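Q: If you scroll down you'll find the structure; I have some questions about it.
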Amino acid sequence: MNVAEAPEPELLRDPESYARLLEHVREAVLAGVPGPRSPRSVVSASWDRSLAAQIDPEAGEAPFVYDAGALAALREAHPLAPVLPVLRQMLVSIADDAEHLMIVTDADGLILWREGAAGQLLRGDRVGLTEGTRWSEAAIGTNAMGTALATGEPVQIHSAEHLVRRYHTWTCAAAPVRDPETGALLGSIDVSGPLRTVHPAMISLVSATAQLAEGQLRAQLAVRDERLRRVNMPHLEALRGRPGALLSAAGRVLAAQACTLPSTVDVRRGGGTVALPDGRLATVEPLPEGYLLRLSGTPGAHRSRLHLEYLADGTQTTTVDGREVPLTLRHAEILTLLTLHPNGLSAERLALQLYGETGNPVTVRAEIHRLRSQLGASVVQTRPYRLAADVDADFLRARTALRSGTPAGVLRDFRGPLLPESEAPAIREERETLTAQVRQVALNSRDPAVLWSFWETACGADDFAVLDALLRTLSPADPRRAAVTAHRARLG
């Protein structure tokens, strides 16, 4: 998860003066005349969307859409309900101390939960910051919750960056939360408070809390997956060695035999025949909590083997059927994204993941054309763009090891950051997430061999927590301790 464009430094030096400046900026933009400065790009884009939705900048207010009775049922069924205790533990005490409200919304910006001190709850009531109101951009214009959901990124909105005037005395920060299985938005986590309580750490706090919530959801998903495998494995064993797989309700492959499959199969409710990306046909049969896939066809042509080694300190290796192919960083980025999305990506989605909002699908099509000329049209297919090869990628192995491997196994596959020179938004997010998960595995292991392996990567070389953990676990007689001690002293 990337932290969105941060407010200007002036905000932290003098929040009230900065608020007055933002008011002048807003008035100029709404009047269509030159202002003292331009709004931040994330704010400008949000204002454009909000005005296109016909939000009234002077008189808009958040609509109340659900009463307490209807809201109770929505809360009980919402995927974020199980992680609410974690959110409370992380945010409520901080929110109370800083005169803030903690708010959790669904994917449409509906406030499901709100907590804080009594005085702040009353203050929130006066402006509609209460359960049952909707805070999407289309409902109330620019605000941290709605803008985080619209962009898919954490965001902080201060004072007159809110399009609607009645919220100019508020400052807020929010981060989206995604379903770890499907990647779909589940909602947002927000901290809102009076203008004077703005703090630079607030956006980092909500971002970290959102990541923690996603981690809890991922752990719960792993438990469900294991239960499904245990209950349904007899169905797979009944195939008696014939190609097949167990799938989750969303189509993720949980167990497979005698076949190579993408990580996710596009299943339809009720099952039926599905076509895999390489042209094979499969039959999908519903089970109580997932599906049984039977492979009913094989591809007519030879499938290439694509081998990617992209977890390294500044190097990358791509081989096709044992033949090394020198690729540009951009082509390595494309292969990484197509590997992570086995069902394929459109030119528009690929452009967004490679370049952000400024991405041009025409540029992507040109890059794909060049990549296909190097790897072969049978390896990279179109409509949508996807890989039609058996892929062995070190970052996929590391992902798998994180789910079901030992700490030592994780560090065997993780040799460094994913494409460290890449600035593509989706690659940065995958790199940061993978590195953070491996780092935590290393720290939790308390195993000097595992910690040493992580320290030897570019990610861990100057990590104080890793160095201190090594010093705690290495015995005084271990010769590695001297190297760690010297390096720790050089860092200060």
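Q: Identify all residues within the stretch 25-59 that are open to solvent by 60 Å² or more (accessible area, probe 1.4 Å), over 16 Å from D108 (Cα atoms) and part of a helix (DSSP H, G or I); write none if there are none.
A: Scanning the stretch 25-59 gives E27, V29, L30, A31, S41, D48, L51, A52.
Q: Give me the strands (runs of 3 or more DSSP E) completely within the stretch 145-245, filtered to those with at least 2 residues that are touching a Gly at 6+ places or on another chain (Cβ under 7 Å) and either open to solvent by 10 Å² or more (accessible area, probe 1.4 Å) or not basic (K, R) (or both), ordered by residue number.
A: Result: 170-178.
Q: In the stretch 387-398, which residues are out of contact with any Ser or Thr (no Cβ under 9 Å at 6 or more places or on another chain) and either open to solvent by 40 Å² or more (accessible area, probe 1.4 Å) or within 19 Å of P326 (Cβ to Cβ) (or both)?
A: Within the stretch 387-398, D392, D394, R397 qualify.
Q: Here is a further query. Could you please find all residues in the stretch 246-259 being farther than 21 Å from T182 by Cα and in a loop (DSSP other than H, G, I, E, B)?
A: Answer for the stretch 246-259, where residues must be farther than 21 Å from T182 by Cα and in a loop (DSSP other than H, G, I, E, B): A258, C259.
Q: Another question, then. Restricting the search to the stretch 453-472, which residues are part of a helix (DSSP H, G or I) and touching a Leu at 6+ places or on another chain (Cβ under 8 Å)?
A: Of everything in the stretch 453-472, those that are part of a helix (DSSP H, G or I) and touching a Leu at 6+ places or on another chain (Cβ under 8 Å) turn out to be S453, F454, W455, F464, A465, V466, L467, A469, L470.
Q: Name the single residue, out of those in the stretch 60-93 being open to solvent by 70 Å² or more (accessible area, probe 1.4 Å) and either over 28 Å from the mean Cα position of the chain (by Cα) or of a type in the set (V, I, T) (or both), that is modelled with the lowest pLDDT.
A: Checked the stretch 60-93; the qualifying residue modelled with the lowest pLDDT is A68.
Q: Separate question: Working only within the stretch 386-403, note down all residues that are under 22 Å from A275 (Cα atoms) and touching a Lys or Arg at 6+ places or on another chain (Cβ under 9 Å).
A: Hits for the stretch 386-403 are A388, A389, D390, V391, D392.
Q: Determine which single condition R415 fails, assuming it passes every other condition in (1) in a loop (DSSP other than H, G, I, E, B); (2) charged (D, E, K, R); (3) at pLDDT 85 or above; (4) over 23 Å from the mean Cα position of the chain (by Cα).
A: So R415 meets the others, but not (4).
The values are calculated or read from the model by the stated rules, or taken from the named source; none is laboratory data. Note that the structure is predicted; figures quoted are calculated from it, not measured. Positions of Cβ are backbone-derived with ideal geometry, glycine not excepted, and every protein chain shown enters the neighbour counts. All accessible areas refer to the heavy atoms of the entire protein, side chains included, with ligands and DNA or RNA removed. Shrake-Rupley method; radii C 1.70, N 1.55, O 1.52, S 1.80 Å.
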